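Visitor: Below you'll find the structure I mean.
Only the coordinates and a few stated rules stand behind these numbers; no lab work does. For clarity, every value in this text was computed on a predicted model and none was experimentally measured. Virtual Cβ from ideal backbone geometry, glycine too; neighbours counted across all protein chains shown.
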Amino acid sequence: MKRWYVVQVYTGFEDIVKTDIEKRAQEENLQELLGQVLIPAGEMTSFFAAESKNKKEKIFPGYLLVQMDMSGDMYRMVASTPRVTRFLGGETPVPLSEKEVDRIFAQISGKLLVPHEKTAFVVGSEVHIASGPFSGFVGIIDKVDDERERITVMVSIFGRHTPVELGFDQVKK
């Protein structure tokens with residue numbers, strides 16, 4: 001039974017590896033064990049360009065999805081393909097669940113938005129300011145604005161707590 005597996009490849013060589021896997025399967029008469037080789041990519045629209053152009057962009061750069069019947073010959077053939085780093089899961093790769101496959105196909109078709117990373121900043125926690133005029137100071141988080149990726153930190157300056165607005169990239173936990 002053909003299942004979906006994740007293969008890590010050199011970033012930027014996904015198209016070449018896909019072609020190589022398909023060609024090697026044909027040369028070694030393993031076509032019946034190989035299903036699809038997929039580079040997960042979706043349509044991205046740039047909102048900042050003068051003309052809004054849709055561009056195909058990889059969802060998981062450096063990874064391929066391979067639908068195959070996991071046998072010794074197929075494992076060896078895919079793993080020994082040039083520019084293939086490894087199967088996710090090591091020597092005994094675990095196939096993706098149906099739920100994971102459905103989610104990836106929903107992302108590819110544009111039906112599922114990739115959520116913005118949740119921040120690890122919590123009001124009341126301590127942070128170290130890494131850059132800017134207050135570099136080296138330690139402060140307590142007062143407000144978190146996920147939408148604008150800004151936080152307000154209370155910094156002690158001359159014995160008084162002063163609010164300082166900083167970007168997420170300017171602080172470390």
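Visitor: Quickly estimate the mean residue ellipticity at 222 nm for the chain, helices only: each DSSP H run with n ≥ 4 gives -39500 (n - 2.57), and the total goes over all residues, rounded to 500. Display every interim value, and only then the final one.
Guide: Numbers: 3 runs with 34 residues, N = 173.
Here the helix-only value at 222 nm equals -6000 deg cm²/dmol.
Visitor: Using a simple charge model, +1 on the beta-carbon of Lys and Arg, -1 on the beta-carbon of Asp and Glu, nothing else, what dipole does segment 66-173 show about its Cα centre, in debye to the nearest 20?
Guide: On the way: 13 positive and 15 negative charges, 45 e Å.
My answer is approximately 220 debye.
Visitor: Gain in length, Tyr10 to Ile59, computed as 0.36 nm per residue apart minus the alpha-carbon separation, to one decimal in nm? Each step should come with its number before you reach the end.
Guide: Numbers: separation 49, 0.36 × 49 = 17.64 nm, distance 1.49 nm.
Full-extension gain reported as 16.2 nm.
Visitor: When a footprinting reagent is the concern and you count Cβ atoms within 10 Å, what order do Glu100, Glu91 take, fewest first? Walk me through the numbers before you get to the answer.
Guide: Details: Glu100 13, Glu91 8.
Arranged by neighbour count, lowest to highest, Glu100, Glu91 become Glu91, Glu100.
Visitor: Could I ask something else about it? Once fully extended, how much extra length lies between Glu91 and Phe168, figured as 0.36 nm per residue of separation less the alpha-carbon to alpha-carbon distance? The partial results should precede the final answer.
Guide: Values: separation 77, 0.36 × 77 = 27.72 nm, distance 3.88 nm.
Residue separation times 0.36 nm, minus the Cα-Cα distance, leaves 23.8 nm.
Visitor: Please report, in Å, the Rg and the Dmax of segment 3-109, where both are computed over Cα atoms only.
Guide: My reading of the Cα-based Rg and Dmax gives 15.1, 52 Å.
Visitor: Now a separate question. Once the Cα atoms of segment 126-172 are picked out, what are the Rg and Dmax in Å?
Guide: Here Rg and the maximum Cα pair distance are 9.8, 32 Å.
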